[in-house]
1. Looking only at GluC sites (Glu not before Pro) in DSSP loops with at most 13 other Cβ atoms within 10 Å, what is the longest site-free stretch of chain B?
2. Take every residue in peptide A:50-56, count the Cβ atoms of other chains within 10 Å of its Cβ, and give the average of those counts.
3. Which residues in the stretch A:95-126 place their backbone N less than 14 Å from a point set 7 Å from the Cα of A:Gln142 along the Cα-to-Cβ direction?
4. Which order do the peptides A:107-113, A:36-42 come out in when sorted by mean C-beta neighbours inside 10 angstrom, highest first?
5. Can you compute the helix-only [θ] at 222 nm over the protein assembly as shown? Use -39500 (n - 2.57) per DSSP H run of at least 4 residues, normalise by all residues, nearest 500 deg cm²/dmol.
6. When only DSSP loop residues count, what GluC sites (Glu not before Pro) in the stretch A:56-104 have their Cβ near at most 13 other Cβ atoms within 10 Å?
7. For the protein assembly as shown, with the dipole built from +1 on Lys and Arg beta-carbon atoms and -1 on Asp and Glu ones, taken about the Cα centre, which of B:Leu98, A:Gly46, A:Ser31 lies farthest toward the positive end?
8. Let me check I've understood the local charge: for B:Trp83, count other residues with C-beta under 9 angstrom from its C-beta, Lys and Arg +1, Asp and Glu -1. What total comes out?
Amino acid sequence: MAGPPVLSYGPVEGHPGVFFEDLAVGQEFTSPGRTVTETDIVIFAGLSGDYNVLHTDAEHMKSSIFGERIAHGLLGLSIEHGLASRGEPAAAHGVLSGLKWKFKGPIKIGDTIHVRSRIAAKKDGPDPRCGLVTVERELVNQLGEVVQEGETEHAVERRR
Amino acid sequence: MREIPTATAQCFFEDVEVNVPLKTPGVTLTRAHVALFTGLTGEVAPADPDTVPSLLPLSLSSGLGWRVPRPPLVVLAFMGFEWRFLAPLRIGDTIHSLSRTLTKRSMREGGVVIEERKVINQRDETVQEGKLTLLVARRPAA
């Protein structure tokens with residue numbers, strides 16, 4: 001995967017990070033993979049306080065359409081965000097300003113997911129120091145199924 | 001529906017009331033929350049240690065949503081959402097969430113509920129907000 005390494009909270013150590021001008025519409029990125037474990041789900045339940053039986057009661061879920069516990073949708077999105085930070089250029093100064101997201105299928109314990117992303121649009125924002133970058137994203141499992149998809153909007157600082 | 005909520009009471013699609021505001025208790029954002037969250041997600045930790053990752057308050061709002069004066073909604077699936085990040089949050093800020101059902105639509109398998117949700121800080125400023133689409137179970141036939 002060519003292109004500048006790492007749109008997150010800050011540049012990787014030793015790398016200055018990219019600016020709005022460095023990003024081009026059509027650039028594509030693929031993240032590393034990550035296997036989602038029971039531990040991930042338990043930690044997210046404890047951290048968020050969302051103990052919905054979907055994520056925490058294996059016996060109840062045996063009789064559900066999923067047949068087993070599934071990861072919280074927002075856990076999948078959060079992991080997506082972490083994976084993306086390892087597979088996309090980090091903005092020198094950038095913040096997430098909005099997102100539109102669809103949960104299309106379950107993430108089950110043991111599934112391995114990765115992110116495919118593409119810079120879809122660049123435009124001016126309300127703050128003249130930053131431009132807005134729209135990134136289309138797909139979270140893909142080991143079977144090639146898109147389990148989550150959507151777009152994120154990032155305010156990325158311009159060069160001065 | 002004004003019964004005292006218990007661990008076994010549940011709010012089904014039929015019980016969902018449109019336009020009734022639900023306010024959660026607050027939670028103070030700590031370094032421990034950020035360490036757990038960045039460790040879990042694997043994202044690059046923010047250079048400024050007082051920065052709160054944008055998706056953390058959203059994630060906390062889903063747990064806070066269980067702590068309202070209404071039995072838990074029987075969510076079959078979280079279908080999608082739109083969200084705006086309006087202002088940054090810092091360690092030490094205290095957030096709560098305010099939500100209401102905008103619309104409910106009956107489906108064969110259950111019902112679709114569109115919820116408006118705001119994350120609000122200790123100065124009563126809305127820092128994040130959006131609309132969530134949930135598939136909610138019908139009350140089983142008695």
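1. On the way: sites that count: B:Glu3, B:Glu17, B:Glu109, B:Glu125.
For GluC sites (Glu not before Pro) (loop position, at most 13 other Cβ atoms within 10 Å), the longest site-free span of chain B is B:18-108.
2. Working: counts 10, 3, 8, 3, 4, 0, 0.
For this peptide, the per-residue mean of nearby foreign Cβ atoms is 4.
3. A:107-114
4. Details: A:107-113: 17.6, A:36-42: 15.9.
Output ranking for A:107-113, A:36-42: A:107-113, A:36-42.
5. Numbers: 6 runs with 54 residues, N = 302.
Result for the protein assembly as shown, helices only: -5000 deg cm²/dmol.
6. On the way: sites: A:Glu59, A:Glu68, A:Glu80; in loops: A:Glu68.
Taking the stretch A:56-104 and a limit of 13 other Cβ atoms within 10 Å, the loop GluC sites (Glu not before Pro) found are A:Glu68.
7. Farthest towards the positive end: B:Leu98.
8. Working: positive: A:Lys100, B:Arg84, B:Arg117, B:Lys131; negative: B:Glu82, B:Glu129.
Residues close to B:Trp83 contribute a combined charge of +2.
Values in this text are rule-based calculations from the coordinates and carry no lab data. Quantities reported herein were computed from a predicted structural model and do not represent experimental measurements. Cβ atoms come from the backbone with ideal geometry, glycine included; neighbour counts cover every protein chain shown.
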